[in-house]
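Read the structure below first, then the notes.
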Ligand code: MF3
Ligand code: CO
Ligand code: CO
């Protein structure tokens with residue numbers, strides 16, 4: 001039985017990325033693009049490696065482990081704990097389940113998880129820092145299982161909430177939700193960024209520019225980049241089989257950052273709170289599926 005053919009509408013943007021309507025472009029050669037030709041077009045034109053059914057199943061499995069690990073961390077988080085203890089939890093749980101922490105030794109990164117507290121935007125290195133009551137703590141986990149990568153993070157509020165902490169977590173979580181809602185074949189990378197930026201800025205917050213979402217699955221960071229800002233209809237057209245993260249970093253103050261002397265830790269210049277949520281998202285024939293699913297309501 002023939003299956004998995006991708007129907008492109010006459011008036012849809014051509015998947016070859018020409019910017020023309022499909023009927024004015026590749027439709028003249030063939031009306032239905034075989035998955036194989038779609039794969040070749042996306043690889044050649046954008047260096048995007050579309051995933052097949054078996055790849056997707058493997059990334060989903062890695063994603064399940066990432067989510068289990070995040071749940072374990074959440075259930076252990078408490079004031080007085082050091083970020084090193086979180087690293088130990090993640091490292092051991094990952095190895096115990098036959099996987100490898102992707103961040104360990106990645107471009108010289110020394111630990112098995114990123115833990116980013118309060119004004120830290122991302123890439124906080126676990127160490128002696130002690131989690132205090134009222135802190136917001138982002139835990140970002142990427143695991144490699146059977147050679148496949150899945151990447152997700154959440155920001156947790158530890159102990160008593162302040163209005164600022166509650167707000168930045170709410171806005172960052174809703175930003176990811178609105179980004180994911182834009183994911184369907186025919187929409188663009190720019191549509192995702194636009195949905196996030198207009199929402200977050202409308203709430204009086206700002207969007208970090210220096211770090212973006214990314215293709216993931218065969219490798220840690222693949223094409224394309226997924227900025228969390230942008231304009232509708234711009235950028236690569238989403239196609240079934242694309243797998244990428246969306247991971248908006250949202251600041252309570254302004255968007256500028258600086259990198260600490262460890263060459264990793266990114267902090268807000270104005271020391272305002274920053275929060276982030278990340279999932280690994282698959283573009284399906286009809287929309288999207290999270291391969292690291294968790295509730296965003
Ligand atoms: N997990 C991060 C991301 O979402 C990347 C961390 S890279 C590290 O892309 F080296 F800082 F760990
Ligand atoms: Co991540
Ligand atoms: Co990521």
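The values are calculated or read from the model by the stated rules, or taken from the named source; none is laboratory data. Only a predicted model underlies this, so the values are computations on that prediction, with no experimental measurement involved. Positions of Cβ are generated from backbone atoms using ideal geometry, with glycine treated the same way; all protein chains shown enter the neighbour counts.
Looking at 187, 153, which is the one that is under 26 Å from residue 238 (Cβ atoms) and within 16 Å of ligand 3 (Cβ to nearest atom)?
After applying the criteria, what remains is 153.
Do we find a residue being more than 16 Å from ligand 1 (Cβ to nearest atom) and either assigned to a helix (DSSP H, G or I) or over 11 Å from residue 143 (Cα atoms) (or both) anywhere in the range 103-117?
Looking through the range 103-117, none of the residues is more than 16 Å from ligand 1 (Cβ to nearest atom) and either assigned to a helix (DSSP H, G or I) or over 11 Å from residue 143 (Cα atoms) (or both).
Give me the residue from the range 118-151 that is under 27 Å from residue 58 (Cβ atoms) and more than 16 Å from ligand 1 (Cβ to nearest atom) and, out of that set, farthest from the chain's Cα centre (by Cα).
Applying the filter and picking the extreme gives 146.
A quick yes/no check of all residues on (1) over 19 Å from residue 122 (Cα atoms); (2) loosely packed, with under 13 Cβ neighbours inside 10 Å; (3) without any contact (Cβ under 8 Å) to a residue 12 or more places away in the chain; (4) touching a helix residue (DSSP H, G or I) at 6+ places or on another chain (Cβ under 7 Å):
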site	(1), (2), (3), (4)
62	yes, no, no, no
66	no, no, no, no
70	no, no, no, no
76	yes, yes, no, yes
79	yes, no, no, no
93	yes, no, no, yes
103	no, no, no, no
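Among the listed residues 296, 260, 282, 291, which satisfies the condition of being away from ligand 3 (no atom under 16 Å from the Cβ) and in contact (Cβ under 8 Å) with a residue 60 or more places away in the chain?
296
Residues in the range 208-226 that are under 26 Å from residue 19 (Cβ atoms) and crowded, with 21+ Cβ neighbours inside 10 Å: how many?
4
Could you run through the range 216-227 and say how many residues are part of a loop (DSSP other than H, G, I, E, B), within 13 Å of the chain's Cα centre (by Cα) and within 12 Å of ligand 1 (Cβ to nearest atom)?
As a first pass, look at the range 216-227 and keep what is part of a loop (DSSP other than H, G, I, E, B): 216-221, 227.
Restricting the remaining residues to those that are within 13 Å of the chain's Cα centre (by Cα) gives 216-217, 220-221, 227.
Filter once more, so that each one left must be within 12 Å of ligand 1 (Cβ to nearest atom): 216, 220-221.
Number of matching residues: 3.
So which strands (runs of 3 or more DSSP E) stay within the range 237-292 end to end and still have 2 or more residues that are touching a strand residue (DSSP E or B) at 6+ places or on another chain (Cβ under 9 Å), surrounded by fewer than 24 Cβ atoms within 10 Å (Cβ to Cβ) and at pLDDT 95 or above?
Values: elements: 243-246, 249-251, 257-259, 266-268, 274-276, 279-283, 288-290.
Counting at least 2 such residues, we get 257-259, 266-268, 279-283, 288-290.
Show the residue pairs that are 6+ apart or on different chains and have beta-carbon atoms under 7 Å apart, the first residue being within the range 133-157 and free of Cβ contacts under 8 Å to residues at least 40 places away in the same chain, the second being assigned to a strand (DSSP E or B) and away from ligand 3 (no atom under 12 Å from the Cβ).
Cβ pairs passing all conditions: 157/136.
Cβ-Cβ under 6 Å, sequence separation 6+ or interchain: first residue in the range 219-235 and under 11 Å from residue 195 (Cβ atoms) and touching a residue at least 40 places away in the same chain (Cβ under 8 Å), partner within 16 Å of ligand 3 (Cβ to nearest atom) and assigned to a loop (DSSP other than H, G, I, E, B). Which pairs?
Pairs found: 228/248.
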